[in-house]
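K.L.:
This is the structure, below, for whatever I ask next.
The values are calculated or read from the model by the stated rules, or taken from the named source; none is laboratory data. Because the structure is predicted, anything quoted here is derived from the model rather than measured. Here Cβ is always computed from backbone atoms with ideal geometry, including for glycine, and neighbour counts include all displayed protein chains.
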Amino acid sequence: MGQPSLKGPGNDQPSRRALSMFFTFFRIGAFTIGGGYAMLPLIEREIVHRQGWVSEEEIVDVFTIVQSVPGTIGINSAIFIGYRLAGFRGAVAAALGMILPSFIIISVLATLLVRFRDVPEVQRAFAGVRAGVTALIFIAALKLGKKVIQGIFPIVVALAAFLALVVFNLHAIAIIASAGLAGVLHYYFLRKEL
Amino acid sequence: MALHFDLLWTFFKIGLFSFGGGYAMIPLMKMEIERHGWLSLQEFADLVAVSQMTPGPIGINAATFIGIRTAGISGAIVSTLGVVLPSFVIIIIIARLLNAFRTNRIVDAVIKGVRPATIGLIATAVLFFAELSIFRGHIGLETIGTWIAGKGGPKLNFALNPGGCIIFVLILILVRRFKLHPILGVILSGILGIFLMG
């Protein structure tokens with residue numbers, strides 16, 4: 001078994017360490033609105049500055065990795081940090097802590113929403129929210145796009161993915177898999193040319 | 001039981017193929033929800049809005065919501081489990097092979113291909129939401145598709161929804177230019193919706 005290599009919270013018992021993982025990530029999960037990207041600064045504050053579990057250089061690596069693999073960024077960070085500090089138990093504790101606030105709040109809201117769905121004011125409010133969310137997703141696409149789309153290859157891939165879904169109605173999984181393959185081909189092609 | 005297994009498997013796939021966090025999950029989720037008929041598109045849009053207004057990762061919020069609506073609390077548990085499971089396996093493998101992963105050229109090449117594709121997919125999510133809010137009536141992604149493909153087909157005749165346009169532009173400017181917190185943006189668009197949306 002690989003020893004967790006980041007410096008842990010002192011020489012606590014593993015179970016106590018896992019417990020403090022749970023509460024820290026519960027706090028993060030309960031107080032960040034707007035998904036993974038909104039969570040990163042809070043994770044940094046809690047894990048690096050408050051708990052001192054991970055150094056500032058290491059957290060940058062952690063963030064790079066959790067954003068480059070599939071899955072929700074918040075959960076990925078929790079599992080990664082939990083595992084490195086307290087093994088498998090830590091990973092489970094951290095993930096549970098992150099999930100639980102969402103789970104409780106959404107369960108309550110899903111039930112309430114059904115009850116008030118037919119109120120005209122609620123319907124109009126949601127219609128307004130949909131327009132607002134359109135803007136938010138647009139902004140997210142712009143922000144991500146600015147970071148990722150540099151050069152011809154990313155532009156071609158992004159356009160191809162868009163058209164593949166809108167025009168040809170291909171499955172998103174097929175599009176993602178082909179894009180990964182295109183990345184590999186692009187790499188080999190370029191290397192041979194040089 | 002069959003429904004629970006279906007939820008688990010579907011969200012496992014969603015978790016496995018979404019690169020770039022919650023927003024990247026929206027197109028895939030929409031596709032699966034339509035295929036299974038779990039929610040109406042309207043409900044799906046409301047779900048995304050609710051997921052953004054409430055704390056926690058968007059992917060987890062959405063999985064919980066769909067699970068609870070289709071199969072109650074036990075459905076919410078299996079959906080959440082499904083979406084988290086791929087993260088668990090992948091992250092733990094990477095945490096153990098950290099340096100090999102960071103310097104692997106193939107991994108890097110795959111990521112360089114997948115990331116821009118994710119942007120393209122998120123752009124389709126923008127279109128989907130626009131269709132439900134800032135345009136009046138249904139344009140249909142298929143219509144735009146046939147139009148772009150130049151196949152003739154149904155003419156592009158759509159009207160703008162004035163209330164939706166105002167809210168879209170206002171929130172866009174407030175959040176992007178003036179750094180209004182997204183949660184306040186969502187609340188504001190809800191309040192404006194009561195007065196502006198027909």
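K.L.:
Here is a check on your reading of the model: is residue B:28 at pLDDT 85 or above, part of a helix (DSSP H, G or I) and either surrounded by fewer than 22 Cβ atoms within 10 Å (Cβ to Cβ) or of a type in the set (Phe, Trp, Tyr) (or both)?
P.N.:
Numbers: at pLDDT 85 or above: yes; part of a helix (DSSP H, G or I): yes; either surrounded by fewer than 22 Cβ atoms within 10 Å (Cβ to Cβ) or of a type in the set (Phe, Trp, Tyr) (or both): no.
So residue B:28 does not fit the description; no.
K.L.:
For segment B:157-188, which positions are among the aliphatic types (A, V, I, L, M) and loosely packed, with under 15 Cβ neighbours inside 10 Å?
P.N.:
Of everything in segment B:157-188, those that are among the aliphatic types (A, V, I, L, M) and loosely packed, with under 15 Cβ neighbours inside 10 Å turn out to be B:159, B:160, B:169, B:173, B:184.
Rundown of residues vs (1) under 25 Å from the mean Cα position of the chain (by Cα); (2) over 29 Å from residue B:174 (Cα atoms); (3) not assigned by TED's automatic domain parsing to the domain that holds residue A:183, yes/no style:
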{"position": "A:124", "(1), (2), (3)": "no, no, yes"}
{"position": "A:130", "(1), (2), (3)": "yes, no, yes"}
{"position": "A:135", "(1), (2), (3)": "yes, no, yes"}
{"position": "A:161", "(1), (2), (3)": "yes, yes, no"}
{"position": "A:168", "(1), (2), (3)": "no, yes, no"}
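K.L.:
Which is surrounded by 18 or more Cβ atoms within 10 Å (Cβ to Cβ) and on the phi > 0 side of the Ramachandran plot, of A:90, A:29, A:82, A:71? So that I can check it myself, show each step before the final result.
P.N.:
Details: A:90 fails: on the phi > 0 side of the Ramachandran plot; A:29 fails: on the phi > 0 side of the Ramachandran plot; A:82 fails: on the phi > 0 side of the Ramachandran plot.
Exactly one of A:90, A:29, A:82, A:71 is surrounded by 18 or more Cβ atoms within 10 Å (Cβ to Cβ) and on the phi > 0 side of the Ramachandran plot, namely A:71.
K.L.:
Does residue B:47 qualify as being surrounded by fewer than 22 Cβ atoms within 10 Å (Cβ to Cβ), modelled with pLDDT under 90 and more than 7 Å from chain A (Cβ to nearest Cβ)? It would help to see each step written out before you state the result.
P.N.:
On the way: surrounded by fewer than 22 Cβ atoms within 10 Å (Cβ to Cβ): no; modelled with pLDDT under 90: yes; more than 7 Å from chain A (Cβ to nearest Cβ): yes.
Criteria not met by residue B:47.
K.L.:
Go through segment B:93-118 and count every residue that is of a type in the set (Ser, Thr, Tyr) and touching a helix residue (DSSP H, G or I) at 6+ places or on another chain (Cβ under 7 Å). Lay out the reasoning, then the answer.
P.N.:
Residues of segment B:93-118 that are of a type in the set (Ser, Thr, Tyr), as a first pass: B:103, B:118.
Subset that is touching a helix residue (DSSP H, G or I) at 6+ places or on another chain (Cβ under 7 Å): B:118.
Of the residues in segment B:93-118, 1 are of a type in the set (Ser, Thr, Tyr) and touching a helix residue (DSSP H, G or I) at 6+ places or on another chain (Cβ under 7 Å).
K.L.:
Starting from residues that are of a type outside the set (Val, Ile, Thr) and in contact with a Ser or Thr (Cβ under 9 Å, 6 or more places away or on another chain), keep the ones in segment A:46-66 and report whichever is farthest from residue B:92 (Cα to Cα). Give the steps one after another, and end with the answer.
P.N.:
At the first step, the residues of segment A:46-66 found to be of a type outside the set (Val, Ile, Thr) are A:46, A:49-53, A:55-58, A:61, A:63.
Next, from what is left, pick out any that are in contact with a Ser or Thr (Cβ under 9 Å, 6 or more places away or on another chain): A:46, A:50-51, A:53, A:63.
On the way: A:46: 21, A:50: 25, A:51: 22, A:53: 18, A:63: 15 Å.
Going through the qualifying residues, I end up with A:50.
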